1. Looking only at the stretch 142-175, how many residues end up being of a type in the set (A, V, I, L, M, F, W, C) and crowded, with 20+ Cβ neighbours inside 10 Å?
2. State yes or no: is I98 farther than 25 Å from I225 by Cα, crowded, with 21+ Cβ neighbours inside 10 Å and either at pLDDT 95 or above or not charged (D, E, K, R) (or both)?
3. Go through the stretch 141-173 and give me each residue that's closer than 18 Å to E184 by Cβ, assigned to a helix (DSSP H, G or I) and either touching a residue at least 60 places away in the same chain (Cβ under 8 Å) or over 18 Å from the mean Cα position of the chain (by Cα) (or both).
4. Could you say which residue among E81, E64, E86 is over 12 Å from Y28 (Cβ atoms) and either in a helix (DSSP H, G or I) or touching a Pro at 6+ places or on another chain (Cβ under 8 Å) (or both)?
5. Please indicate, with yes or no, whether at least one residue in the stretch 23-42 is at pLDDT 90 or above, part of a strand (DSSP E or B), crowded, with 16+ Cβ neighbours inside 10 Å and touching a strand residue (DSSP E or B) at 6+ places or on another chain (Cβ under 7 Å).
6. Please determine whether any residue of the stretch 122-133 is surrounded by fewer than 19 Cβ atoms within 10 Å (Cβ to Cβ), hydroxyl-bearing (S, T, Y) and at pLDDT 95 or above.
7. Among the residues of the stretch 40-58, are any in contact with a Pro (Cβ under 9 Å, 6 or more places away or on another chain), hydrophobic (A, V, I, L, M, F, W, C) and under 23 Å from M166 (Cβ atoms)?
8. Counting only residues that are buried (at least 21 other Cβ atoms within 10 Å of the Cβ) and in contact with a helix residue (DSSP H, G or I) (Cβ under 6 Å, 6 or more places away or on another chain), give me the strands (runs of 3 or more DSSP E) lying completely in the stretch 190-247 with at least 1 of them.
Amino acid sequence: MKTVDLSVNIGKLKLNNPILLASGTVGYGNEISDFIDLNILGGIITKSISLKPRKGNKPQRIVETSSGMLNAIGLANVGLEEFINEKVPFLAKYNVPIICNIAASSIEEYVECVKVLNDEETIKAFEINVSCPNVKDGGLQFGNNLSMVGKITEQVRSATNKTIIMKLSPNVSYIAEFAKVCKENGADAVSAINTLVGTAFNINTRKPKLSNIFGGLSGPAIKPIALAKVLEIHRNVDIPIIGVGGIMNWQDVIEFMIAGASAIQIGTLNFIDPTASLSILKGLNDYCIERNIESISQLTGSYILE
């Protein structure tokens, strides 16, 4: 049987295939390991880690919406020490690249987290979250500030030689400007996009359904926006892009790659079908075979706009 090269490169990071599990949707990997062999994946992006444990926002923290969901978890996590002592040993059992998502309330906290984790061999790359829409400290205060994103990128770059991926907010006018400043300050790649700001109300109580009032909208509802942002970055900045937002099947993956993504992240879909990566990988392989595409990386930025 003819085989297709599904491997892709993100900076110095080589992935066996373009399928990454998005931060915050599979915990630290163990939550999904009973459903799927993690070794088949291109990589796993951990739940956001901060220097100290965070309780996150109080319930209600998740609300279903039309073609998507709102979450206001608030970056709840076990903190750096417990992550290293309890979560990393589990992840080390798998032969799959682990990308650690870092969240922080200050530039110093980002740098400290990266410095500490830089010595962990299991961690192959860092995804720097400067764009969470449902926390009061950091989050969009950073992600919507061009200068701050540049400073964070520069400082994190100085703390590690490992691959740095900046996770960008869609809640800006021109996302390519942010991708450009990330590249100029040493980022290897960008993830596009994080969730969109949204809210929902209970019509009987007239109160917000989320205790935080606002949350991050994900799922199929945001896919056209995510695609447009990926295309905008690809047309203006020469930097690898990891596409995120509403990917529900292999056709969506192909579409993101055509728009300019080198790899993609599966997020909301993990809650619906934690085994979805299996069928997606088969679909990608079959698509390439049918079209005599030897390497899936040939699809990246293959759009025809005329």
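1. Counting residues in the stretch 142-175 that are of a type in the set (A, V, I, L, M, F, W, C) and crowded, with 20+ Cβ neighbours inside 10 Å gives 9.
2. yes
3. Of everything in the stretch 141-173, those that are closer than 18 Å to E184 by Cβ, assigned to a helix (DSSP H, G or I) and either touching a residue at least 60 places away in the same chain (Cβ under 8 Å) or over 18 Å from the mean Cα position of the chain (by Cα) (or both) turn out to be L146, S147, M148, G150, K151, E154, Q155, R157.
4. E81
5. Checking the stretch 23-42: not a single residue is at pLDDT 90 or above, part of a strand (DSSP E or B), crowded, with 16+ Cβ neighbours inside 10 Å and touching a strand residue (DSSP E or B) at 6+ places or on another chain (Cβ under 7 Å).
6. Yes: the stretch 122-133 contains one or more residues that are surrounded by fewer than 19 Cβ atoms within 10 Å (Cβ to Cβ), hydroxyl-bearing (S, T, Y) and at pLDDT 95 or above.
7. yes
8. Once the strands (runs of 3 or more DSSP E) in the stretch 190-247 are filtered for at least 1 residues that are buried (at least 21 other Cβ atoms within 10 Å of the Cβ) and in contact with a helix residue (DSSP H, G or I) (Cβ under 6 Å, 6 or more places away or on another chain), what remains is 241-244.
The values are calculated or read from the model by the stated rules, or taken from the named source; none is laboratory data. As the structure is a prediction and not an experimental result, all values here were calculated from the model. Glycine gets a Cβ as well: all are built from the backbone with ideal geometry, and neighbour counts include every protein chain shown.
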